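> Please read through the structure below; I'll follow up with questions.
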Amino acid sequence: PSSNLSTGVHSITAVQIDLAGNFSPESGALTVNFDIDPPYVILVDDPSFSLNDNGEYTLSPDDLVQFVSDNVSSIVNIIGQVDRGNYSCADLGEQNPTLLHTDEAGNTDSRIVTMTIIDDKPPVISAKSSITLNVDAFGSVTLTPAMIDEGSYDNCGIQSQVLSQTLFDRTDEGV
């Protein structure tokens, strides 16, 4: 038998010999395949992911992959992993996780993927429907967002609150 096998498929047979020198019948062919190739991976084009209502996204390897195959391992035996799975409002914009797919022989395909984390959920406004303002000694009053806000919120926080009018005087009475 040669110990210098080349890469590829080889047919090997086995024979057993007992202590009395009796030989077993030759076995059927045993096929040996040297798996040196990593899994073949096709990525999703331009992946982007929206944060949920809590401002979070959990990334799975399947989110980034269109197709995976291997020359030897069954698809169910290829393990996909990402080096980072959790994203939040602090991660908006382009991100570059590393995606790994490893077959049963330990061959690994490693890719740095460019993806985008987005916040596409608008703020939810909760405001009083009416308010009574009392003018000061000069006949005016300033209205601030805090005076009418009743719990407005956004998954990534509210950057600013703007009112269409903030300064009122006696001529605005009843408006």
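The values are calculated or read from the model by the stated rules, or taken from the named source; none is laboratory data. The structure displayed is predicted, hence computed values, not measured ones. Cβ sites come from the backbone with ideal geometry, for glycine too, and all protein chains shown count toward neighbours. SASA here: full protein model, heavy atoms, side chains in, ligands and nucleic acids out. Shrake-Rupley method; radii C 1.70, N 1.55, O 1.52, S 1.80 Å.
> Go through 20, 90, 105 for me and flag whichever is within 30 Å of residue 157 (Cα to Cα), open to solvent by 40 Å² or more (accessible area, probe 1.4 Å) and either at pLDDT 90 or above or part of a strand (DSSP E or B) (or both). Full working, then the answer.
Details: 20 fails: within 30 Å of residue 157 (Cα to Cα); 105 fails: within 30 Å of residue 157 (Cα to Cα).
Just a single option satisfies the conditions, and that option is 90.
> Open to solvent by less than 60 Å² (accessible area, probe 1.4 Å), without any contact (Cβ under 8 Å) to a residue 60 or more places away in the chain and more than 11 Å from the chain's Cα centre (by Cα): does that describe residue 80? If you could, list the steps in order and put the result at the bottom.
Details: open to solvent by less than 60 Å² (accessible area, probe 1.4 Å): yes; without any contact (Cβ under 8 Å) to a residue 60 or more places away in the chain: yes; more than 11 Å from the chain's Cα centre (by Cα): yes.
Considered against the rule, which asks whether it is open to solvent by less than 60 Å² (accessible area, probe 1.4 Å), without any contact (Cβ under 8 Å) to a residue 60 or more places away in the chain and more than 11 Å from the chain's Cα centre (by Cα), residue 80 comes out as yes.
> Considering only segment 72-104, how many residues are small (Gly, Ala, Ser) and in contact with a helix residue (DSSP H, G or I) (Cβ under 7 Å, 6 or more places away or on another chain)?
If we filter segment 72-104 for residues that are small (Gly, Ala, Ser), which is where we start, we get 73-74, 80, 85, 88, 90, 93.
If we keep only those that are in contact with a helix residue (DSSP H, G or I) (Cβ under 7 Å, 6 or more places away or on another chain) as well, we get 80.
Residues meeting the conditions: 1.
> Here is a further query. Residue 65 - would you say it is hydrophobic (A, V, I, L, M, F, W, C), open to solvent by less than 60 Å² (accessible area, probe 1.4 Å), at pLDDT 95 or above and farther than 30 Å from residue 154 by Cβ? Outline the logic, then answer.
Details: hydrophobic (A, V, I, L, M, F, W, C): yes; open to solvent by less than 60 Å² (accessible area, probe 1.4 Å): yes; at pLDDT 95 or above: yes; farther than 30 Å from residue 154 by Cβ: yes.
Against the criterion (hydrophobic (A, V, I, L, M, F, W, C), open to solvent by less than 60 Å² (accessible area, probe 1.4 Å), at pLDDT 95 or above and farther than 30 Å from residue 154 by Cβ), residue 65 qualifies.
> Continuing with this model, one more query. Identify all residues within segment 127-158 that are open to solvent by less than 40 Å² (accessible area, probe 1.4 Å) and outside any strand (DSSP E or B); write none if there are none.
First pass over segment 127-158, keeping only residues open to solvent by less than 40 Å² (accessible area, probe 1.4 Å): 139-141, 143, 145, 148, 152, 154-155.
Passing the criteria: 139, 143, 145, 148, 152, 154, 155.
> Looking only at segment 96-109, which residues are without any contact (Cβ under 8 Å) to a residue 24 or more places away in the chain and either touching a Leu at 6+ places or on another chain (Cβ under 9 Å) or among the polar types (S, T, N, Q) (or both)?
Listed by number, the residues that qualify are 96, 98.
> Quick check on segment 23-55: of everything there that is at pLDDT below 90 and not in a loop (DSSP other than H, G, I, E, B), which residue is least open to solvent (accessible area, probe 1.4 Å)?
Ranking the candidates gives 32 first.
> Which one is nearest to the chain's Cα centre (by Cα) among residues in segment 83-108 that are closer than 14 Å to residue 47 by Cα and hydrophobic (A, V, I, L, M, F, W, C)?
99
> Tell me yes or no: at least one residue of segment 82-105 is closer than 30 Å to residue 120 by Cα, touching a Phe, Trp or Tyr at 6+ places or on another chain (Cβ under 8 Å) and β-branched (Val, Ile, Thr).
Among the residues of segment 82-105, not one is closer than 30 Å to residue 120 by Cα, touching a Phe, Trp or Tyr at 6+ places or on another chain (Cβ under 8 Å) and β-branched (Val, Ile, Thr), which makes the answer no.
> Of all residues in segment 68-87 being assigned to a strand (DSSP E or B) and of a type in the set (Gly, Ala, Ser), which is farthest from residue 158 (Cα to Cα)? I'd like the intermediate steps shown before the answer.
Taking segment 68-87 first, the residues assigned to a strand (DSSP E or B) are 68-69, 79-82, 86-87.
The next check asks that each one be of a type in the set (Gly, Ala, Ser); those that pass are 69, 80.
On the way: 69: 45, 80: 36 Å.
For segment 68-87, the residue satisfying everything is 69.
> Further question: Identify, from the list 130, 140, 152, the residue that is of a type outside the set (D, E, K, R) and modelled with pLDDT of 95 or more. Reasoning before the result, please.
Working: 130 fails: modelled with pLDDT of 95 or more; 140 fails: modelled with pLDDT of 95 or more.
The unique qualifying residue is 152.
> I need every pair where a residue in segment 157-172 that is among the acidic types (Asp, Glu) has its Cβ under 8 Å from the Cβ of a residue that is surrounded by 10 or more Cβ atoms within 10 Å (Cβ to Cβ) and in a loop (DSSP other than H, G, I, E, B), sequence separation at least 6 or different chains.
169/135; 169/139
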